[in-house]
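Laboratory data are not the source of any read-out in this text; all were calculated from the coordinates shown. Just so it is clear, the model here is predicted, and its values are computed rather than measured. Note: ideal-geometry Cβ built from the backbone for every residue, glycine included; neighbour counts use all protein chains shown.
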Amino acid sequence: MKQIALNDTHESLGAKMVPFAGYNMPVQYEGVTAEHETVRNALGVFDVSHMGEFLAIGDSALDLLQLVCSNDISKIKVGQAQYNCLPNDKGGIVDDLLVYRIREKEFLLVVNASNIEKDWEWINKHNTFNVNLKNISDGYSLLAIQGPKAVEAMQSLTSTDLSAIKFYHFEVAPFAGIDHVIISATGYTGSGGFEIYCKNDDAKKLWDKVMEAGADFGIKPIGLAARDTLRLEMGYCLYGNDIDETTSPIEANLGWITKFSKDFINSDQLKKQKETGPTRKLVGFELDERGIPRKGYDIVDSDGNTIGMVTSGTQAPTVGKGIGMGYVPPTLSAPGSKIYIQVRKKALPATVVKLPFYKG
């Protein structure tokens, strides 16, 4: 079991620690609902240092990334980030990731913790371009400072104008007295804020300064459980739940990051699927009555036939009802369509809705 740099800090704060993707991670502190509301209404800080980071450097770095990524990376300028996926050669997804353009010929790839080794092997396998690839995952920490008060609370820690950093843009600048920190206006909560990348040696200083600066704004440490309910309210895919090696980006409503203006791994097959239409589609749904949909529950039609499976589900703290996502036939994918979720022995009625669930 790997330990993140701030493991002792989280334990001293009373975090419930659980094994996650090979790391000992804080899953919750005071409780999921309270932590969820803290981020929606004020300010919370997540330690997501288990995420993986790769560097791709060299004259042909763009060429390699254009091949392995579905989105058009030529469109991002230095100082911008882009959401992406790595298609496999069988119609599915190796992983979803963020790509940062650090310099003209240098990119940072941020991948899911559970897929670090798999992604590293996959990208290296296709590196016929002599690109200098570096796996720096074990040397870096990542704090996600999320919530509507993030800009105001964190401004005292940097001379960079935080309000001027647009969504999916970043600055490399001093922050909390630490040089060369990546301050990225990204996150997976839908409530605004930043993700801050630093070296492990600086993680404790960063954490302490962030908590100190945010004290007057109600900042609290937040665990991975609330991160999951926050991202689900936004309808964001979670790898291993809503997308995996068997789901295509077209099926998963990720056509917007699948650009056929260039060739990439399996692009011909995915283009064909987009043109003919997929046989199933990922949808969001809300239960029409009380109940909690869980991952793995069957989705059935009005006749009781199984038509799909819940990929993510929860009782949504802000939305105030049972919500979930899952794959259904295209005929039942339009908002307003009626489906049923098999919760134990009862088929609970649900309505397909347009994502996101949370419209804040």
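At-a-glance table
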quantity	calculated
Segment 29-70 residues near the modelled residue 204 label - backbone nitrogen below 19 Å, point 7 Å along Cα→Cβ	47-50
Electrostatic dipole magnitude of the chain [Cβ: Lys, Arg +1; Asp, Glu -1; Cα centre; debye, to 20]	860
Virtual spin-label span in nm between residue 271 and residue 80, 7 Å along Cα→Cβ	2.3
Long-range Cα-Cα pairs in segment 279-353 (distance over 22 Å), rounded percent	9
Mean-position separation - Cα centroids, segment 326-360 and segment 291-313, in angstrom	8
Gain upon complete extension [residue 290, residue 359; 0.36 nm per residue less C-alpha separation]	22.7 nm
Cα gyration tensor, segment 220-360 - rounded (a/c under 1.5), prolate or oblate	oblate
Segments 201-212, 219-230, 298-309, 147-158 sorted - mean Cβ within 10 Å per residue, highest first	219-230, 147-158, 201-212, 298-309
Contact order normalised by residue count of segment 52-135, Cα under 8 Å, 6+ apart, percent	41
Global geometry of segment 52-135, whether rounded, prolate or oblate, following the gyration tensor of its Cα atoms and the 1.5 cut on a/c	rounded
Rounded FRET efficiency, nearest 0.05, which uses the C-beta distance separating residue 21 from residue 121 and R0 of 22 Å	0.85
Top positive-direction residue, dipole computed over the chain with Cβ charges, set 129, 332, 360	332
Proximal charge balance of residue 225 [Cβ under 9 Å; K/R count +1, D/E count -1]	0
Label-point gap, in nm, between residue 138 and residue 159 - each point 7 angstrom along Cα→Cβ	3.7
√(5λ) per eigenvalue of the Cα gyration tensor, the chain, largest first, Å	32, 28, 17
Helix-derived mean residue ellipticity, 222 nm - over the chain, DSSP H n ≥ 4, -39500 (n - 2.57), to 500	-5500 deg cm²/dmol
